[in-house]
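Let me begin by presenting the structure, written as structure tokens, before commenting on it.
The values are calculated or read from the model by the stated rules, or taken from the named source; none is laboratory data. Being a predicted model, the structure only gives us computed values, none of them experimental. Virtual Cβ from ideal backbone geometry, glycine too; neighbours counted across all protein chains shown. Side chains are part of the model used for accessible areas, which takes the heavy atoms of the whole protein and leaves out ligands, DNA and RNA. Shrake-Rupley method; radii C 1.70, N 1.55, O 1.52, S 1.80 Å.
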Amino acid sequence: MTNEKTDTVVVGGGQAGIAMSEHLTNCGVPHLVLERHRIAERWRSERWDSLVANGPAWHDRFPSLEIPDVDPDSFTPKEKVADYFVAYAEHINAPVRCGVEVKEVRRASGQTGFFVETSEGIIQANNVVAATGPFQRPVIPEIIPKEAGLTQIHSSAYRNPEQLPEGAVLVVGAGSSGVQIADELLRSGRRVFLSVGPHDRPPRTYRGRDFSWWLGVLGVWDAVAIEPGMEHVTIAVSGAHGGQTVDYRRLAKRGMVLVGLTQSYKDGVLTFASDLAENLVRGDANYLSILDNVDAYVDRNGLDLPEDPEARKILPDPDCVTDPVRSLKLAEAGVSSIIWATGFVRDYSWLNVDTFDGNGNPEHHRGISNEPGVYFLGLPWQTRRGSSFIWGVWHDAKFLADHISTQRKYISRYSSVP
Ligand SMILES: Cc1cc2nc3c(=O)[nH]c(=O)nc-3n(C[C@H](O)[C@H](O)[C@H](O)COP(=O)(O)OP(=O)(O)OC[C@H]3O[C@@H](n4cnc5c(N)ncnc54)[C@H](O)[C@@H]3O)c2cc1C
């Protein structure tokens, strides 16, 4: 039935799969990385053209290789991010097979391991690592019917302003993706409405250092637990245009119309929740708390960093906040397109093993699933806040490789493993 065997199959050749390969190699575990498209495909074809990394190049990379030809304090363009992972795979000699899709993984009955059915045949493996991404399937809430005659796309399908028909644009969702896309559309001369939900918004820099550094030394990236109610709170940051703090009031000052959460649609009229001011105040509180924590850190450690009182100044609320738009006649407002920056869901339909809850979410502890031999990597909050990001996934991969290697040692005590 199958003639190929390996110890561990890693499904997905994004940054998670590449990190996994590095650590498995370091632990001496034979493995294959199977990628249905190209290495780091999502950075190439599922992001908009102008995207740059949200963290500076010194931070958004793996530890053992710098990003070539990019100033460490600047923000790497998305194609260079993808190139970096291709170069990294070469650097560590990762056994990646591109163009190979995993169709199904199922337990081998009466024997150890799994059958991994791929577009190029079946591979038998003792372990399977699902590294298929934190953001798998785009989700557009069912609010506006297709027949409404508007162009509606998900942020993952947005490329540039020219792609959209003429007219105003509503961007729904103001996390890092939504706010960056809305800003780009505004700069291109479009009239833009931005539907703003709950968010965290760290300062891009404070007292001369980037927030990525501050969140690191303050332990925020390593935070292990999500505060109740904060599961869906997005961090709104941007590396675009040299990196600037996301400031919704400043966008409004430039002409963007902010609205609350998008709620419902009827007969050409869209309604918004009354939560806009509240969401902004909550984002401000997060922003100011980071400044407070940084100041305390500077004092505690006696750092000689310049004070930055300007950073504490919050602009006055613009009209769209004090007198919010609660319902919008789309045609009258000239809105021809809607971009849904509303996130993604997971899709593990190919992973036919017993480790999912009733909603299809993986049941696991730090990536080790309930099904011995099945692992997850790159999930949001897998072990900490940073788990779905470049630097975080590298550390989670190390933990999983160590676990796999330890299991191999037990098993090999009494039998041979590939
Ligand atoms: C707009 C945006 C910007 C981001 N910017 C940053 C940033 O600046 N810094 C940062 O650290 N993080 C950023 N992230 C978060 C994260 O780094 C990316 O989402 C990253 O792509 C996740 O890498 P991954 O390897 O975990 O998953 P993915 O990149 O999603 O890789 C999974 C791979 O699995 C493959 N695959 C899926 N199913 C199968 C199958 N059945 N068989 C074979 N292959 C399969 C896919 O083709 C894909 O290549 C960003 C995310 C988004 C959405």
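Computed quantities for the displayed model
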| read-out | value |
| --- | --- |
| Selected residue (only one of V294, V298 is in contact with a Pro (Cβ under 9 Å, 6 or more places away or on another chain), β-branched (V, I, T) and modelled with pLDDT of 95 or more) | V294 |
| The listed residue being away from the ligand (no atom under 12 Å from the Cβ) and either under 21 Å from N127 (Cβ atoms) or open to solvent by 50 Å² or more (accessible area, probe 1.4 Å) (or both), out of S21, S64, S50 | S64 |
| Whichever residue in segment 276-305 is surrounded by fewer than 15 Cβ atoms within 10 Å (Cβ to Cβ) and touching a Lys or Arg at 6+ places or on another chain (Cβ under 9 Å) and, among such residues, is farthest from A252 (Cα to Cα) | L303 |
| The one condition in (1) more than 30 Å from G268 (Cα to Cα); (2) of a type outside the set (S, T, Y); (3) more than 14 Å from the ligand (Cβ to nearest atom) that V128 fails to fulfil | (3) |
| Residue match in segment 175-189 (condition: under 20 Å from the mean Cα position of the chain (by Cα), assigned to a loop (DSSP other than H, G, I, E, B) and under 13 Å from T342 (Cβ atoms)) | yes |
| Where a residue in segment 77-105 is within 13 Å of the ligand (Cβ to nearest atom) and its partner, wherever it lies, is at pLDDT below 95, with Cβ under 9 Å and at least six apart | Y88/S64 |
| Residue in segment 1-32 that is farthest from E117 (Cα to Cα), counting only those that are at pLDDT below 95 and of a type in the set (S, T, N, Q) | N3 |
| Residue match in segment 194-214 (condition: within 17 Å of L251 (Cα to Cα), touching a helix residue (DSSP H, G or I) at 6+ places or on another chain (Cβ under 8 Å) and of a type in the set (A, V, I, L, M)) | yes |
| Residue that is farthest from the ligand (Cβ to nearest atom) [pool: residues in segment 24-47 that are assigned to a loop (DSSP other than H, G, I, E, B) and surrounded by fewer than 22 Cβ atoms within 10 Å (Cβ to Cβ)] | G28 |
| Test set (1) open to solvent by 30 Å² or more (accessible area, probe 1.4 Å); (2) of a type in the set (A, V, I, L, M); (3) assigned to a loop (DSSP other than H, G, I, E, B); (4) farther than 22 Å from I235 by Cα - I122 fails condition number | (3) |
| Number of the exception - Y84 against (1) assigned to a helix (DSSP H, G or I); (2) open to solvent by 40 Å² or more (accessible area, probe 1.4 Å) | (2) |
